[in-house]
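Inspection log for the structure reproduced underneath, given as structure tokens.
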Amino acid sequence: MRKWMIWMVCLGLGLGPCVRAFAMDGSKTVTVWEEGQDRAPDGEQPATAKSPDGDRPAQPDPLKLNAQSAVLADGLTGRVLYGKGEDTIRPMASTTKIMTCILALELGNPDDVVTATKEAAGQPKVHLGVQSGQTFYLKDLLYSLMLESHNDAAVMIAEHIGGSVPGFARLMNEKAKALGCENTYFITPNGLDAKETDEAGVEHVHSTTAADLARIMAYCVNLSPKRQEFLEITQTQNYFFTDVPGKHSYNCTNHNAFLTMMDGVVSGKTGFTGGAGYSYVAAMEKDGRPYVIALLGCGWPPHKTWKWADARKLFNFGLEHYQMKDVYEEQRFSPVPVTGGLCWDDGSGAGTDQVSLTMGQESTGRELKLLLGEDEQVEIRQNLPVRLAAPVQAGQKVGTVEYRLNGQTVRSFPVYTENGVEQITLKRCLLRVGALFGGLWERQRPAG
């Protein structure tokens with residue numbers, strides 16, 4: 001009944017467009033959105049990648065990489081520039097430790113004192129050789145973790161940051177999901193081969209994909225608020241430290257030999273287990289072009305050096321075929337009509353039946369640099385509403401502008417309303433009627 005009264009009053013006042021939000025049955029219109037335009041035998045070097053599912057043909061591998069899975073990716077967006085079995089889930093050995101390190105940097109304090117537990121002291125080689133009850137500064141353990149790949153240091157860090165190894169693994173998995181890694185599952189902080197069954201009875205393996213691992217590395221070296229600290233640790237060649245009392249001293253040497261093999265390499269982490277084979281993840285920046293690579297299953301003993309050959313091939317491919325280009329463009333938006341809104345000025349300043357749109361401040365005047373091949377073009381898609389239903393708040397997010405490349409979104413910017421529109425109500429209609437008739441009476445009343 002109330003909605004019918006508003007309808008009739010507004011029709012009588014010629015305000016029909018203001019009440020489009022109310023249908024004859026009293027239902028509210030909804031916003032309508034516009035569409036914007038397995039393990040190979042040791043020693044073999046397969047020329048094609050194994051498909052993640054058996055129904056699809058194997059991917060060609062022009063570089064003839066040794067690794068079973070490999071990725072070259074844009075170091076800022078994580079976009080895959082060259083892939084071989086990049087979505088195949090595999091164990092990743094000590095490349096796990098890049099996630100352990102970045103979480104410890106973000107959640108811990110370098111001056112924290114960390115105590116070795118019996119579990120940490122019992123970790124297999126490669127290890128620092130700590131004893132239960134020994135204390136170390138967190139900063140020193142991070143060098144032990146990343147330069148020498150010590151498994152006991154990883155467990156000490158995990159227990160300190162997460163309360164326990166399972167607690168830290170939960171943090172690792174939450175971070176992976178936040179970074180868009182849908183095919184990654186962490187169980188250990190050091191990358192030792194592991195399996196576990198969750199509460200639902202589902203078995204999980206400590207594993208990732210080359211694409212996910214490259215995405216994590218891109219975050220560590222280019223996007224994390226602690227990226228500078230991460231780079232400082234992983235670029236250090238030698239590091240000396242003692243336990244907190246100063247009774248025992250230790251020296252660490254960086255085992256990422258590729259740091260000095262190729263100009264522009266800024267970080268990396270090696271790994272090996274019997275289940276994973278040799279693994280490697282690394283980052284490069286040259287001439288303003290950031291790249292990351294990830295290699296999984298890159299041979300088994302005695303082929304320890306295969307990963308260096310694959311890494312060189314991938315980085316050279318990126319340097320030869322991709323250039324950095326700024327694709328950002330300022331956007332113009334048409335006003336969006338609002339149904340069911342207050343469309344006359346009652347002194348509140350909300351008298352309008354449309355809203356203006358603007359890009360968020362985080363996108364104003366920005367650059368958006370992407371690594372592009374010579375034939376690649378970026379598509380800009382505006383995902384905006386055809387109309388909105390009142391009430392609409394100023395500063396309300398109502399859409400996005402997407403930059404798409406090869407059918408994939410590589411960056412998305414939010415779009416907000418510049419002004420608000422209040423919802424029409426029976427009370428405001430009646431007040432409007434009273435104001436109109438009051439004005440009419442004053443004009444028609446005889447003078448004197």
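Of everything in segment 382-428 that is hydrophobic (A, V, I, L, M, F, W, C) and in a loop (DSSP other than H, G, I, E, B), the residue that is farthest from residue 77 (Cα to Cα) is 424. Here residue 120 fulfils each of the conditions (1) open to solvent by 10 Å² or more (accessible area, probe 1.4 Å); (2) in a helix (DSSP H, G or I) apart from (1). Residues in segment 360-379 that are buried (at least 17 other Cβ atoms within 10 Å of the Cβ) and either in a loop (DSSP other than H, G, I, E, B) or modelled with pLDDT of 85 or more (or both): 368, 369, 370, 371, 372, 378.
You will find that of 348, 356, the residue that is modelled with pLDDT of 90 or more, surrounded by fewer than 17 Cβ atoms within 10 Å (Cβ to Cβ) and of a type outside the set (D, E, K, R) is 356 and no other.
Evaluate the following for residue 145: is it part of a helix (DSSP H, G or I) and open to solvent by 20 Å² or more (accessible area, probe 1.4 Å)? No; evaluated as a whole, the condition is false for this residue. Per this entry, residue 139 is not counted among residues that are surrounded by fewer than 24 Cβ atoms within 10 Å (Cβ to Cβ), assigned to a helix (DSSP H, G or I) and under 22 Å from the mean Cα position of the chain (by Cα).
Checking 439, 395, 448, 407 one by one, the residue that is surrounded by fewer than 15 Cβ atoms within 10 Å (Cβ to Cβ), over 14 Å from residue 336 (Cβ atoms) and modelled with pLDDT of 90 or more is 395 and no other. Checking each residue in segment 258-275 for being outside any strand (DSSP E or B) and open to solvent by less than 50 Å² (accessible area, probe 1.4 Å) picks out 258, 259, 262, 264, 274, 275. Quick check: is even one residue across segment 233-247 within 21 Å of residue 138 (Cβ to Cβ), open to solvent by less than 10 Å² (accessible area, probe 1.4 Å) and in a loop (DSSP other than H, G, I, E, B)? Yes, there is a match, as at least one residue in segment 233-247 is within 21 Å of residue 138 (Cβ to Cβ), open to solvent by less than 10 Å² (accessible area, probe 1.4 Å) and in a loop (DSSP other than H, G, I, E, B). For segment 189-229, the tally of residues that are part of a loop (DSSP other than H, G, I, E, B), β-branched (Val, Ile, Thr) and surrounded by fewer than 24 Cβ atoms within 10 Å (Cβ to Cβ) stands at 1.
Scan 200, 178, 214 and give me the residue that is of a type outside the set (Lys, Arg), more than 18 Å from the chain's Cα centre (by Cα) and over 12 Å from residue 90 (Cα atoms). It is 200. Looking only at residues of segment 163-188 that are open to solvent by less than 50 Å² (accessible area, probe 1.4 Å) and in a loop (DSSP other than H, G, I, E, B), we find that the one that is farthest from residue 276 (Cα to Cα) is 164. So how many residues does segment 63-95 have that are open to solvent by 10 Å² or more (accessible area, probe 1.4 Å), of a type in the set (D, E, K, R) and farther than 16 Å from residue 323 by Cβ? Of the residues in segment 63-95, 4 are open to solvent by 10 Å² or more (accessible area, probe 1.4 Å), of a type in the set (D, E, K, R) and farther than 16 Å from residue 323 by Cβ. Between 250, 291, 328, 278, the distinction of being in a loop (DSSP other than H, G, I, E, B) and surrounded by 17 or more Cβ atoms within 10 Å (Cβ to Cβ) belongs to 328 only.
Please work out which residue is nearest to the chain's Cα centre (by Cα), limiting yourself to segment 373-425 and to residues that are among the hydroxyl-bearing types (Ser, Thr, Tyr) and within 17 Å of residue 359 (Cα to Cα). Step by step, filter segment 373-425, then rank; the result is 412. Summed over segment 285-298, the residues that are in contact with a Phe, Trp or Tyr (Cβ under 8 Å, 6 or more places away or on another chain) and either polar (S, T, N, Q) or farther than 18 Å from residue 86 by Cβ (or both) give a count of 2. Modelled with pLDDT under 95, under 26 Å from the mean Cα position of the chain (by Cα) and either farther than 28 Å from residue 71 by Cβ or surrounded by fewer than 20 Cβ atoms within 10 Å (Cβ to Cβ) (or both): does that describe residue 319? Answer is no for this residue. Kindly provide the set of residues from segment 84-99 that are under 19 Å from the mean Cα position of the chain (by Cα) and closer than 20 Å to residue 405 by Cα, ordered by number. If the condition is that a residue be under 19 Å from the mean Cα position of the chain (by Cα) and closer than 20 Å to residue 405 by Cα, then 86, 87 are the ones that fit.
Criterion first (over 19 Å from residue 98 (Cβ atoms) and either among the hydrophobic types (A, V, I, L, M, F, W, C) or in contact with a strand residue (DSSP E or B) (Cβ under 8 Å, 6 or more places away or on another chain) (or both)) does residue 115 satisfy it? Criteria met by residue 115. Taken together, 147, 179, 141, 223 contain a single residue that is aliphatic (A, V, I, L, M), under 28 Å from residue 83 (Cα atoms) and touching a strand residue (DSSP E or B) at 6+ places or on another chain (Cβ under 8 Å), which is 147.
The values are calculated or read from the model by the stated rules, or taken from the named source; none is laboratory data. Source: prediction; values computed, not measured. Reconstructed Cβ throughout: ideal geometry from the backbone, glycine too, with neighbour counts over all protein chains shown. These area figures cover heavy atoms from the full protein model, side chains too; ligands, DNA and RNA do not enter into them. Shrake-Rupley method; radii C 1.70, N 1.55, O 1.52, S 1.80 Å.
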